[in-house]
Amino acid sequence: MGDTDAGMDAVQRRLMFEDECILVDENDRVVGHDTKYNCHLMEKIESENLLHRAFSVFLFNSKYELLLQQRSATKVTFPLVWTNTCCSHPLYRESELIDENALGTRNAAQRKLLDELGIPAEDVPVDQFIPLGRMLYKAPSDGKWGEHELDYLLFIVRDVNVNPNPDEVADVKYVNRDELKELLRKADAGEEGLKLSPWFRLVVDNFLFKWWDHVEKGTLLEAADMKTIHKLA
């Protein structure tokens, strides 16, 4: 670990070296595993084309408002950026490697909703997550860190108890469509220093509002397409 890591938060440092992400090829076939640290190092991403499996949860309440989080200031990639409910990685462990019906990724989503937002497992049963699609993207965070992910997009409609973990999350809020559009406007205008994560922006620009229609109609399964891998960035 180089000198440039000296300022890394202790919790984030531990996760960077203890967590083993699932390496995949561009067709989402598992090809190995590596530390979260290596998977987010742009030098490794570029030189070895490291691509890891990830997920993004979009949790809506019974009023069909979307729960957003602001990433904590100590996050290594994209600190203090607003994003969807929860964004993380299934780990290289048996329960999170199950490909059938994206069960491994759904197990990981339940685990991380508890870790990051304090949402109890019973509030988000694994069988209630609906995988709607997959996207592949690459996004530098700063000169050193970035993302190169094959991202599973998981939607769930549940009223939940939220108790954010300050090591992971700086703030949370529910938004309706108009409030999200106002957030997008502010981010585009550079107002209030507001920034959105690149993966959230890709989902917003390509899928979110049409999928939100299905959330409100109760027809999310009709929108699901897990065969295609959308190569977006």
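The values are calculated or read from the model by the stated rules, or taken from the named source; none is laboratory data. All values derive from a computational prediction rather than experimental measurement. In this analysis, Cβ positions are derived from the backbone assuming ideal geometry, glycine residues included, and neighbour counts consider all displayed protein chains. SASA here: full protein model, heavy atoms, side chains in, ligands and nucleic acids out. Shrake-Rupley method; radii C 1.70, N 1.55, O 1.52, S 1.80 Å.
Before moving on, here are some points about what is shown:
- Selected residue (criterion: nearest to Glu94 (Cα to Cα)) from residues of the stretch 30-42 that are outside any strand (DSSP E or B) and in contact (Cβ under 8 Å) with a residue 60 or more places away in the chain: Cys39
- Glu96 more than 27 Å from Glu182 (Cα to Cα), in contact (Cβ under 8 Å) with a residue 40 or more places away in the chain and among the charged types (D, E, K, R): yes
- Inside the stretch 128-143, residues that are part of a loop (DSSP other than H, G, I, E, B) and within 16 Å of the chain's Cα centre (by Cα) make up a count of 2.
- Taken residue by residue, the stretch 126-135 has no member that is of a type in the set (A, V, I, L, M, F, W, C), surrounded by fewer than 21 Cβ atoms within 10 Å (Cβ to Cβ), without any contact (Cβ under 8 Å) to a residue 24 or more places away in the chain and within 19 Å of Asp19 (Cα to Cα).
- Residue, farthest from the chain's Cα centre (by Cα), within the stretch 71-97, restricted to residues that are polar (S, T, N, Q) and open to solvent by 20 Å² or more (accessible area, probe 1.4 Å): Ser95
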